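Worksheet for the structure shown next.
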Amino acid sequence: MKITLNPHAKDAATRDALVAEGGFGKYYTDHMVVCEWSEKDGWGEPELKPYGPISLDPATAVFHYGQEIFEGLKAYRQPDGSIALFRPDANAKRFAKSAARLALPEMPEVLFLETVDALLKQDGGWVPSKIGEALYIRPFMIATEVGLGVRPSNKALYMLIATPAGAYFDPSKAVSVWISTEYVRAALGGTGEAKCGGNYAASLVAQKAAAKEGCDQVVWIDAKERKWVEEMGGMNLYFVKGSRADATVVTPKLTGTLLPGITRDSILSVAKDLGYKTEEVMLSIDDWRDGVKSGEITEIFACGTAAVVSPVGQAKSAMGTWVTGDGQPGVITMQIRNALLAIQHGTAPDSHNWMSVVK
Ligand SMILES: *Cc1c(COP(=O)(O)O)cnc(C)c1O
């Protein structure tokens, strides 16, 4: 790893004040990691360098054909002051899968993890310490061959940046969702399983439609039958059926069009640890509506790295509006959220070996 330190790195007091502001994506740490790839030479030596703008030829492939992928993971402050990453190996594996789908080079897992470690060693002071807060790490890769020909790029640039993420969880407010029957996020054979910017670009108009309906988020249904619930915005969904010890925690099955969330996967284990039954199923809009009406569905929440767990309340669609619960986060939702956060912050045993301490 080549290292070029930032001569203008923030002093500790300035940095701590910025971290204390909370929020998300407003400030970035002093450094970033870059690593170039070419078809001819493969991966070059990664470089840790001052965070800052990059310069690219206007004819660079990514600007025209959107050949781009990204990841999102978090580093949490531990009770002893050390820093630990949550399941970074899972992000490395998914990054390689996304790369393969977008005809970008697969970055070796060790190289991916080495860049994350290097950034944290240098900028570890930016990791907040309150529960629910973390340093959000954003690895991404763009196609950098210059030219307007449509073909897989023979050059790529990997970059890694990080931003402090405050605890923006508002326990008094459940998210409202607009179930989109007009737009779809992904179809079989498409890029739904890959974490690529293009999926998001195509989703924004639906997000706008949701906002117009007075909803916070859009819920995606499948492209073919237009009835199976898939995801919410950039998060996976969970439904709680029943209550207390008899509850079953249910999530839509990975059919090839859903993004396989690492939080989703972790919650399947955490819910089992807490004694709940879990199911991965096909769940239709009708099941959602009828389940809420009959009282079988007692809680709904969305999950992802950024927000961890977000309660979902009102659902609105062309078929009507229905509300789960009383607008307050459900008991089991909060129990799962707290159990996961406790593992991430090192206050509960890491029985699944998910945490990776930065040495
Ligand atoms: C990233 C992402 C998720 C959540 O994945 P995590 O690994 O839990 O952060 C869910 N859906 C989409 C579309 C995503 O891009």
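Using the charge dipole of region 1-150 (Lys, Arg: +1 at Cβ; Asp, Glu: -1 at Cβ; taken about the Cα centre), state which of ILE142, TYR28, PHE86 has its Cα farthest towards the positive end.
Among ILE142, TYR28, PHE86, the one farthest towards the positive end of the dipole of region 1-150 is PHE86.
Once you sort the root eigenvalues of the Cα gyration tensor of the chain as a ≥ b ≥ c, which label holds: rounded (a/c under 1.5), prolate (a/b larger than b/c) or oblate (the other case)?
Oblate, because a/c is 1.5 or more while a/b does not exceed b/c.
Can you give the % of DSSP beta bridges in region 2-165 that are antiparallel, to the nearest 5?
DSSP beta bridges in region 2-165 are roughly 95 percent antiparallel.
If each of PHE63 and TYR27 carries a label point 7 Å out from its Cα toward its Cβ, how far apart are those two points in nm?
Simple spin-label model gives 3.2 nm for this pair.
Using a 7 Å offset from Cα along Cα-Cβ at LEU268, what residues in region 232-254 end up with backbone N under 12 Å from the label point?
So the set is 250-254.
Nearest 500 deg cm²/dmol is fine: what mean residue ellipticity at 222 nm does the chain get from its DSSP H runs of n ≥ 4 alone, each adding -39,500 (n - 2.57), divided by its residue count?
Mean residue ellipticity, 222 nm, calculated: -8000 deg cm²/dmol.
Give me the number: length gained by fully extending LYS173 to LYS130, i.e. 0.36 nm times residue separation minus the C-alpha to C-alpha distance, one decimal in nm.
Roughly 13.4 nm would be gained on extension.
What percent antiparallel are the DSSP beta bridges of region 175-344, to the nearest 5?
65
Taking 7 Å along the Cα-to-C-beta vector as the label spot, tell me the ARG151-THR181 distance in nanometres, rounded to one decimal.
Distance between the two pseudo-spin positions: 4.6 nm.
Pull out the extension gain between VAL205 and LYS253, defined as 0.36 nm times the separation in residues minus the alpha carbon to alpha carbon distance; nm, one decimal.
This chain segment gains 14.7 nm when fully extended.
Rounded, prolate or oblate: which fits region 2-165, taking a ≥ b ≥ c as square roots of the Cα gyration tensor eigenvalues, rounded meaning a/c under 1.5, else prolate when a/b beats b/c?
prolate
Pull up the cross-link candidates among the aspartates and glutamates for LYS155, meaning alpha carbon to alpha carbon under 20 Å and not fewer than 8 places away within one chain.
GLU36, GLU39, ASP41, GLU45, GLU47, ASP57, GLU68, GLU71, GLU106, GLU109, GLU145
With each label point set 7 Å from Cα along the Cα-Cβ vector, what nm distance links GLU296 and ASP16?
Each label point is offset 7 Å from its Cα along the Cβ direction, giving 5.5 nm.
So for region 274-359, averaging the separation of alpha carbon pairs under 8 Å that are six or more residues apart and normalising by length, what relative contact order in percent results?
Averaging sequence separation for qualifying contacts and normalising by length gives 20 percent for region 274-359.
With +1 on each Lys and Arg Cβ and -1 on each Asp and Glu Cβ, how big is the dipole of region 236-340 about its Cα centre, in debye rounded to the nearest 20?
120
Between ILE221, TYR276, THR248, whose Cα lies farthest towards the positive end of the dipole of region 147-284 when Lys and Arg beta carbons carry +1 and Asp and Glu beta carbons carry -1, centred on the Cα centre?
Value computed over the given set: ILE221.
Given Cα pairs under 8 Å that are at least 6 residues apart, what percent is the relative contact order of the chain?
18
For region 175-344, what is the relative contact order in percent, using Cα pairs closer than 8 Å and at least 6 residues apart in sequence?
Value for region 175-344: 24 percent.
Give the lysines reachable from LYS26 as a straight Cα distance under 25 Å; neighbours fewer than 8 places away on the same chain don't count.
Partners within reach: LYS10, LYS49, LYS74, LYS121, LYS130, LYS173, LYS195, LYS208.
Give the residue list of trypsin sites (Lys or Arg not before Pro) in region 1-34 that are DSSP loop and have at most 12 other beta-carbon atoms within 10 angstrom.
Answer in residue order: LYS26.
How many angstrom lie between the Cα centre of region 178-211 and the Cα centre of region 51-78?
Taking the Cα centre of region 51-78 as reference, the centre of region 178-211 is 20 Å away.
Per residue of region 209-221, in order, report the coupling 6.51 cos²θ - 1.76 cosθ + 1.60 (Karplus, θ = phi - 60°) as ³J(HN,Hα) in whole Hz, putting x for Gly and Pro.
Whole-Hz 3J(HN,Hα) from phi for region 209-221: 4, 4, 4, 5, 7, x, 9, 6, 9, 9, 10, 9, 10.
Decide, for region 181-317, between rounded, prolate and oblate: order the square roots of the alpha carbon gyration tensor eigenvalues as a ≥ b ≥ c, take rounded if a/c falls under 1.5, and otherwise choose prolate if a/b is larger than b/c, else oblate.
prolate
Could you give the length gained by full extension between ASP80 and SER55, i.e. 0.36 nm per residue of separation minus their alpha carbon distance, to one decimal place?
4.9 nm
Using a Gaussian network for the chain with springs between C-alpha atoms less than 10 Å apart, which of these wobbles most: PRO53, PRO88, PRO329?
Judging by the Gaussian network model, the answer is PRO53.
Here, each number is a calculation from the coordinates, and none is a lab measurement. The shown structure was predicted, so the numbers you read here are calculated from the model rather than taken from an experiment. Glycine gets a Cβ as well: all are built from the backbone with ideal geometry, and neighbour counts include every protein chain shown.
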